[in-house]
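Written out below as structure tokens is the structure these notes cover.
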Amino acid sequence: MKNIILKGGNIFPSKVVCIGRNYTEHIAELNNDTPDEMVFFIKPNSSITNKLVFPKAHESCHYEAEISFLMEEGKISAVGFGLDLTLREVQSKLKAKGLPWERAKAFDNSAVFSKFVNFDGDINKLEVELFINGELKQKGDTTLMINKPEEIIKEVNTFLSFDDGDILMTGTPKGVGKFIVGDEFTGRILYDGEVLIEEKFKAI
């Protein structure tokens, strides 16, 4: 079982629940339609890692930075920085055929996480930033989300349950793109403008 780190201890999520198309400008940059209802997909425990591993069997892979939450007793208990790695070309082919996205989203090491920190503050003050090789690539906050975290949790609970330790990824702002081996990532979660979490990853 893959684990994440919270205050020096290990937690073993059974799954990662992800929402797609939750930032308007990200929908536009990929020329997608705005969905009539929330779009979800699942990443399994085997996708979880704290290392940024390029999927060697593929020529390209996209990064998507996300505000991520640890769930306990059905509620948010901690926050972390997450990367939803996506095989965009594979995803586009699957979508064109009306097929599921698992090959593009649920592969091994496709859910990259920082350490998590306990959180009981105002969710509306959270923000995510991603720098690659020192250049700001993505920046967004909960006010830009189409569906807010509590709304997402309520909708998820209409068809599945969060086990303690599961992770919720809340979507990515505009600025997604390709990366290569050797790229240096700095992911940040900010709270009320102050850095709450900062984690560095080097693509291997």
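A few notes on this one:
- Subset of the stretch 48-67 [among the polar types (S, T, N, Q) and either without any contact (Cβ under 8 Å) to a residue 24 or more places away in the chain or under 18 Å from Ile5 (Cα atoms) (or both)]: Thr49, Asn50
- Per-region count, the stretch 53-93, residues farther than 15 Å from Ile11 by Cβ, polar (S, T, N, Q) and crowded, with 16+ Cβ neighbours inside 10 Å: 2
- Only one of the listed residues (Leu83, Leu70) is under 23 Å from Glu184 (Cα atoms) and assigned to a strand (DSSP E or B). That residue is Leu83.
- Candidates Asn32, Asn3, Asn50 - the one that is touching a strand residue (DSSP E or B) at 6+ places or on another chain (Cβ under 9 Å), modelled with pLDDT of 90 or more and surrounded by fewer than 19 Cβ atoms within 10 Å (Cβ to Cβ): Asn50
- Count of residues meeting criterion [of a type in the set (Lys, Arg) and within 13 Å of Cys18 (Cα to Cα)] in the stretch 103-118: 1
- Taken together, the criteria place Glu102 among residues that are over 12 Å from the mean Cα position of the chain (by Cα), under 19 Å from Val156 (Cα atoms) and in contact (Cβ under 8 Å) with a residue 12 or more places away in the chain.
- Residues in the stretch 148-204 that are hydroxyl-bearing (Ser, Thr, Tyr) and free of Cβ contacts under 8 Å to residues at least 40 places away in the same chain: Thr158 only.
- Yes/no for Met169 being modelled with pLDDT under 95 and either of a type in the set (A, V, I, L, M, F, W, C) or surrounded by fewer than 18 Cβ atoms within 10 Å (Cβ to Cβ) (or both): no
- Search result, residues across the stretch 86-108 that are within 21 Å of His58 (Cα to Cα) and not in a helix (DSSP H, G or I): Thr86, Leu87, Lys97, Leu99, Pro100, Trp101, Ala106, Phe107, Asp108
The values are calculated or read from the model by the stated rules, or taken from the named source; none is laboratory data. All of these numbers come straight from a predicted model, not from anything done at the bench. All Cβ positions, even for glycine, are placed from backbone atoms using ideal geometry, and neighbour counts span all protein chains on display.
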